[in-house]
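Enquirer: First, the structure itself, so that you have it in front of you.
The values are calculated or read from the model by the stated rules, or taken from the named source; none is laboratory data. No experiment lies behind these values; they were computed from the predicted model shown. Cβ: placed from backbone, ideal geometry, glycine included. Neighbour counts: every protein chain shown. For the accessible areas, the whole protein counts, side chains as well, though only heavy atoms, and no ligand, DNA or RNA atoms are used. Shrake-Rupley method; radii C 1.70, N 1.55, O 1.52, S 1.80 Å.
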Amino acid sequence: MNPRPSLASRIGVGIAVAAVLIFTLFPVYWMISSAFDAKASSGGQSLLPQEFTLDNFAFVLTDGGFGTYLRNSAIVALVTVLVSAVVCLLAAVAVARFRFKFRTTVLMMILVVQMVPLEALVIPLFLQVKSLGLLNSIIGLMVVYVALSLAFGIWMLRGFVAAVPVELEEAAYIDGASWWRMFRSILLPLVMPGLVATSIFSFITAWNEFIFAMTILGAQTDQYTVSIGLKSFFGLHSNDWGSIMAASTIITIPVMIFFVIVQRRLSAGMVAGAVKG
């Protein structure tokens with residue numbers, strides 16, 4: 001039987017946990033507090049808001065044009081998630097279940113692509129998007145984000161598909177199920193946790209990414225996403241911190257909502273996988 005931790009050790013653990021929580025949550029608190037502080041725009045924000053106001057949010061959504069940026073980001077992120085999820089899942093099934101020529105080479109290429117820094121891909125992807133005539137448009141940005149999501153998504157989902165026993169699929173075929181019925185009723189619920197994980201990665205990439213968005217969209221301001229729109233509140237000699245914090249708070253909300261929605265699917269998929277396996 002393990003000895004009970006001493007009072008000093010428990011106090012030490014509590015202090016360490018409290019320090020980690022403060023270190024993690026204080027930036028979030030400061031962001032939200034400054035967003036509602038009337039004096040934040042002039043650089044006079046304090047630990048507690050001195051004067052509560054919603055003017056920062058009103059300015060960001062109206063004069064700041066952040067509503068347009070939110071719409072563009074939502075379209076780009078949702079299309080990226082849907083397209084990358086479908087392509088990654090089908091490709092993962094192909095490399096995990098079928099044997100074909102150069103299969104090992106394809107897997108190695110997928111692994112190598114993940115090792116390449118994203119900054120090294122800016123110019124090649126820019127030239128490819130330019131050759132397709134998709135510069136200065138969110139369609140070109142969607143193509144780039146889907147391409148960036150494929151390597152990670154295929155590699156992760158391949159592991160989930162390979163972990164599903166082939167006997168389950170063969171039993172479904174023996175019972176008269178078609179491939180689509182087997183895929184929908186057997187394979188998809190079992191790989192749902194992996195699909196949710198790749199969707200989270202794709203969504204966060206498309207929502208927060210800045211370098212590719214700025215490179216592909218250029219000066220097409222009506223196509224800007226939230227990451228580029230946030231930059232507009234930074235001045236050459238001064239920054240509008242009230243608007244910056246309000247915009248940052250707005251940017252955070254959709255990510256939290258998306259995670260709450262897919263987190264339920266993640267739990268449901270894990271339960272379904274345990275029952276069916």
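Enquirer: Only one of (1) open to solvent by 50 Å² or more (accessible area, probe 1.4 Å); (2) out of contact with any Ser or Thr (no Cβ under 9 Å at 6 or more places or on another chain) is not met by Val191, so which one is it?
Expert: Among (1) open to solvent by 50 Å² or more (accessible area, probe 1.4 Å); (2) out of contact with any Ser or Thr (no Cβ under 9 Å at 6 or more places or on another chain), the lone unmet condition for Val191 is (1).
Enquirer: Next question, about the same structure. Within the range 107-143, track down each residue that is surrounded by 15 or more Cβ atoms within 10 Å (Cβ to Cβ), over 25 Å from Thr225 (Cα atoms) and without any contact (Cβ under 8 Å) to a residue 40 or more places away in the chain.
Expert: Passing the criteria: only Val113.
Enquirer: Taking the condition in contact with a helix residue (DSSP H, G or I) (Cβ under 6 Å, 6 or more places away or on another chain) and either free of Cβ contacts under 8 Å to residues at least 24 places away in the same chain or closer than 30 Å to Asn56 by Cβ (or both), does Thr198 pass? Give the steps one after another, and end with the answer.
Expert: Values: in contact with a helix residue (DSSP H, G or I) (Cβ under 6 Å, 6 or more places away or on another chain): yes; either free of Cβ contacts under 8 Å to residues at least 24 places away in the same chain or closer than 30 Å to Asn56 by Cβ (or both): no.
So Thr198 fails the test.
Enquirer: Across the range 203-237, what is the number of residues that are without any contact (Cβ under 8 Å) to a residue 60 or more places away in the chain and not in a helix (DSSP H, G or I)?
Expert: Residues in the range 203-237 being without any contact (Cβ under 8 Å) to a residue 60 or more places away in the chain and not in a helix (DSSP H, G or I): 5 in total.
Enquirer: Based on this model, can you work out whether Val146 counts as under 25 Å from Val226 (Cα atoms) and open to solvent by less than 40 Å² (accessible area, probe 1.4 Å)?
Expert: yes
Enquirer: Now for a different question. Is there a residue being of a type outside the set (Val, Ile, Thr), surrounded by fewer than 21 Cβ atoms within 10 Å (Cβ to Cβ), touching a Phe, Trp or Tyr at 6+ places or on another chain (Cβ under 8 Å) and modelled with pLDDT of 85 or more anywhere in the range 210-217? Don't jump to the end; show me each part of the working.
Expert: Initially, the range 210-217 is screened for residues of a type outside the set (Val, Ile, Thr), giving 210, 212-214, 217.
Going one step further and asking which of them are surrounded by fewer than 21 Cβ atoms within 10 Å (Cβ to Cβ), we end up with 210, 214.
Keeping just the survivors that are touching a Phe, Trp or Tyr at 6+ places or on another chain (Cβ under 8 Å) gives none.
The answer is no; no qualifying residue exists.
Enquirer: Condition check: modelled with pLDDT under 85 and within 30 Å of Ala38 (Cβ to Cβ). Does Ser238 satisfy that?
Expert: Numbers: modelled with pLDDT under 85: yes; within 30 Å of Ala38 (Cβ to Cβ): yes.
For Ser238, the condition - modelled with pLDDT under 85 and within 30 Å of Ala38 (Cβ to Cβ) - is met.
Enquirer: Need the failing condition index for Thr62 against (1) in contact with an Asp or Glu (Cβ under 8 Å, 6 or more places away or on another chain); (2) β-branched (Val, Ile, Thr); (3) open to solvent by 90 Å² or more (accessible area, probe 1.4 Å), just the number.
Expert: (1)
Enquirer: Continuing with the same structure: Sort through Phe183, Phe203 and tell me the only one that's of a type in the set (Phe, Trp, Tyr) and surrounded by fewer than 21 Cβ atoms within 10 Å (Cβ to Cβ).
Expert: Working: Phe203 fails: surrounded by fewer than 21 Cβ atoms within 10 Å (Cβ to Cβ).
It is Phe183.
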